[in-house]
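A.B. asks: My questions all concern the structure below.
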Amino acid sequence: IGYASRESFLLADQGASEGIPKKETAYEQVQYAALFEAGNNPDAWKVVLEHPELEPWSSHARQILGMYYLQDDEYKQALPFFEQLADMPDVHREPKARGLAGQVVIFAIQNDSRLPDTIIALLKLADKPPPLRNILGPELSQQVTEVLTKQANQVGESARSVIEDLLKQLSPPR
């Protein structure tokens, strides 16, 4: 209940909605953001976060924004969106997993000390259907796989085992 009633992450004071029309519902705002500039305008997605009826639309917008900034190697801007998703209660497994996966990618690239705990948290979410690779989608699964493969080559045997467990969850079935 606390999560649902907390204040949303609003970016209006940063000029997020400048030039982007505010729609009547969050759903309409998501539709607009997806269609405006082929879904590639972060300001259009930020306006989704300004709607009072947040879930599930705010999670979707945060995922889009996190990936948008991650693809542009703008880790400082991507991380808050992934952190908000990762902080969601476990009942919101899919957005939480995407948030943790985004954090894994950023923490691995930045050699951040939070990486081991984030890998373990993501692995905990991997034990229930649907498979983690399906939740993350091909692009995020690939990014996590790439950074973890590099990590596995740089760590000791016990850490490598944990990383390999997560990599198995991201691999397509044989």
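A.B. asks: Just one of the numbered conditions (1) surrounded by 13 or more Cβ atoms within 10 Å (Cβ to Cβ); (2) in contact with a Phe, Trp or Tyr (Cβ under 9 Å, 6 or more places away or on another chain); (3) under 28 Å from V30 (Cα atoms) is not true of I119; which one?
C.D. replies: All conditions are met except number (3).
A.B. asks: Got at least one residue in the range 87-110 being on the phi > 0 side of the Ramachandran plot and either in a helix (DSSP H, G or I) or open to solvent by 30 Å² or more (accessible area, probe 1.4 Å) (or both)? So that I can check it myself, show each step before the final result.
C.D. replies: Of the residues in the range 87-110, the ones on the phi > 0 side of the Ramachandran plot are none.
Looking through the range 87-110, none of the residues is on the phi > 0 side of the Ramachandran plot and either in a helix (DSSP H, G or I) or open to solvent by 30 Å² or more (accessible area, probe 1.4 Å) (or both).
A.B. asks: When the range 125-174 is examined, which residues are found to be of a type in the set (S, T, Y) and either more than 24 Å from G66 (Cβ to Cβ) or open to solvent by less than 20 Å² (accessible area, probe 1.4 Å) (or both)?
C.D. replies: Residues of the range 125-174 that are of a type in the set (S, T, Y), as a first pass: 141, 145, 149, 158, 161, 171.
Result: S141, S158, S161.
A.B. asks: I would also like to ask the following. Among the residues of the range 46-86, which ones are part of a helix (DSSP H, G or I), of a type outside the set (S, T, N, Q) and either free of Cβ contacts under 8 Å to residues at least 12 places away in the same chain or under 19 Å from T25 (Cβ atoms) (or both)?
C.D. replies: From the range 46-86, those part of a helix (DSSP H, G or I) are 46-48, 57-71, 75-86; that's our starting set.
From what is left, the residues that are of a type outside the set (S, T, N, Q) are 46-48, 57, 60-62, 64-70, 75-76, 78-83, 85-86.
Residues satisfying the conditions are K46, V47, V48, W57, H60, A61, R62, I64, K76.
The values are calculated or read from the model by the stated rules, or taken from the named source; none is laboratory data. Bear in mind the structure is a predicted one, so any value in this text is a computation, not a measurement. So basically every Cβ, Gly included, is an ideal-geometry build from the backbone, and we count neighbours across all protein chains shown. Quick note on the areas: whole protein, heavy atoms, side chains included, nothing else; ligands and nucleic acids left out. Shrake-Rupley method; radii C 1.70, N 1.55, O 1.52, S 1.80 Å.
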